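The values are calculated or read from the model by the stated rules, or taken from the named source; none is laboratory data. Bear in mind the structure is a predicted one, so any value in this text is a computation, not a measurement. Heads up, the Cβs are rebuilt from the backbone with ideal geometry, glycines too, and the neighbour counts pull from every protein chain shown.
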Amino acid sequence: MNLTDLREEIIAADAKSAFDVLVAGFSSHAEFSVHAHEQGFLNSLRILRGDDFCFAAIPHDEWVLAYIRKPALRHGLSTYENVVAEFPDARLNSKGEITLRIRDAATAERWLSVALAEA
């Protein structure tokens with residue numbers, strides 16, 4: 001599993017562009033590393049800050065499901081209130097992670113600016 005494999009799981013051109021923005025955005029920050037991860041039928045992009053698994057992106061046919069995970073929230077990289085103020089469709093899942101379906105590059109860029117506000 002590699003980044004190209006993950007990208008190929010996306011059908012919609014706009015969602016592919018969103019995925020590209022997320023990969024490039026996190027890769028451009030020295031403190032983050034991006035890794036393709038395969039776990040059963042659920043393949044994902046894992047974004048780590050050191051050893052902390054802070055962010056994730058799961059490709060779907062028409063969107064990328066982006067996660068701000070608990071380690072990012074604990075480190076103050078973003079807050080639920082900041083994210084929901086910018087993205088009313090964002091949700092807090094049962095694990096206390098913030099999720100959003102990202103369908104295009106412009107939304108991905110805005111997501112990065114909010115998710116990495118304190119990075």
- Message: Out of ARG46, ARG101, I need the residue that is farther than 22 Å from ASP14 by Cβ, touching a Phe, Trp or Tyr at 6+ places or on another chain (Cβ under 7 Å) and either modelled with pLDDT under 95 or part of a strand (DSSP E or B) (or both). Which one?
- Response: ARG46
- Item | Long-range neighbours under 8 Å by Cβ, at least six apart or interchain, first residue within 23 Å of ASP104 (Cα to Cα) within the stretch 39-65, second polar (S, T, N, Q) and outside any strand (DSSP E or B) | none
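For every residue, the table says whether it meets (1) loosely packed, with under 13 Cβ neighbours inside 10 Å; (2) touching a helix residue (DSSP H, G or I) at 6+ places or on another chain (Cβ under 7 Å).
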site	(1), (2)
PHE41	yes, no
CYS54	no, yes
PRO88	yes, no
ARG91	no, no
ILE98	no, yes
THR107	no, yes
ALA117	no, yes
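Could you say whether any residue in the stretch 9-17 is of a type in the set (Gly, Ala, Ser), assigned to a loop (DSSP other than H, G, I, E, B) and out of contact with any Pro (no Cβ under 6 Å at 6 or more places or on another chain)?
yes
Being touching a residue at least 12 places away in the same chain (Cβ under 8 Å) and touching a Cys at 6+ places or on another chain (Cβ under 8 Å) is the requirement here; does ALA15 meet it?
Judged against the criteria, ALA15 is not a match.
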